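Reviewing the structure listed below.
The values are calculated or read from the model by the stated rules, or taken from the named source; none is laboratory data. It should be emphasised that the depicted structure is a prediction, and the values quoted were computed from it without experimental measurement. Ideal geometry is used to build each Cβ from the backbone, glycine not excepted, and the neighbour counts take in all protein chains shown.
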Amino acid sequence: MSNHDPADGTDRTAPAPAPPGPPGQRRRAQLQADDEFSAFYRANIHPLVGFLVNHSASVHVAADIAQESMTDAYRNWDGIDHPKAWVHTAASRALVRKIASLEDLVEDVPEPTSLVPRPDAIAEWEIQHDALPLLHSLPHRQRQVMAWTLAGFTPTDIAEHLALSAETVRANLKKARRSAAAYLKAREEEQ
């Protein structure tokens, strides 16, 4: 992860500095960076929304936070060494801030966006994803570790990004997997 962190109070509205060199070379470098970011965005925006939903965010809140995190990533693109980890960390922190804020005691009615074109279909989507009730039943730390794991991060990566020991991550992952097995067994017995 780069030293540039979205939570450090940096002015995120400032454009990235122009790369050194002649104007033509700078323009080609900017176009290449735009292409790289565009490919990154397309490959990661939907999984990032899923990651936030796995952390118990509603779909429309997750989509908003994911979009804001991607916007911040674009503005800081030249200074980011590990973009996937960077946006997941930024989005995770933004969700924590959103949950901690008192301004959203009553949820607004979601409006259509490019990521959530039919807000009325959110309930359908949530029902289709059987893992959500399981994830929502887990304690916070286990849910957090599972969300990072489902996003493709290793326990060592997760420990680094959450400032935890790898042993703590592995222990929470083990407990979460046990809970998942018990949950699935109970569901099978109900049917």
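For the reader, a short list of remarks on this structure follows.
- One residue alone among 93, 42 is without any contact (Cβ under 8 Å) to a residue 24 or more places away in the chain, within 20 Å of residue 150 (Cβ to Cβ) and surrounded by fewer than 21 Cβ atoms within 10 Å (Cβ to Cβ), and that residue is 42.
- Within the range 54-76, the set of residues being more than 23 Å from residue 39 (Cβ to Cβ) and outside any loop (DSSP other than H, G, I, E, B) comprises 54, 59, 60, 61.
- Annotation: residue 177 fulfils all but one of (1) more than 18 Å from residue 89 (Cβ to Cβ); (2) free of Cβ contacts under 8 Å to residues at least 40 places away in the same chain; (3) under 18 Å from the mean Cα position of the chain (by Cα); the unmet one is (3).
- The listed residue being modelled with pLDDT of 80 or more and within 25 Å of residue 45 (Cβ to Cβ), out of 145, 169, 109, 116: 145
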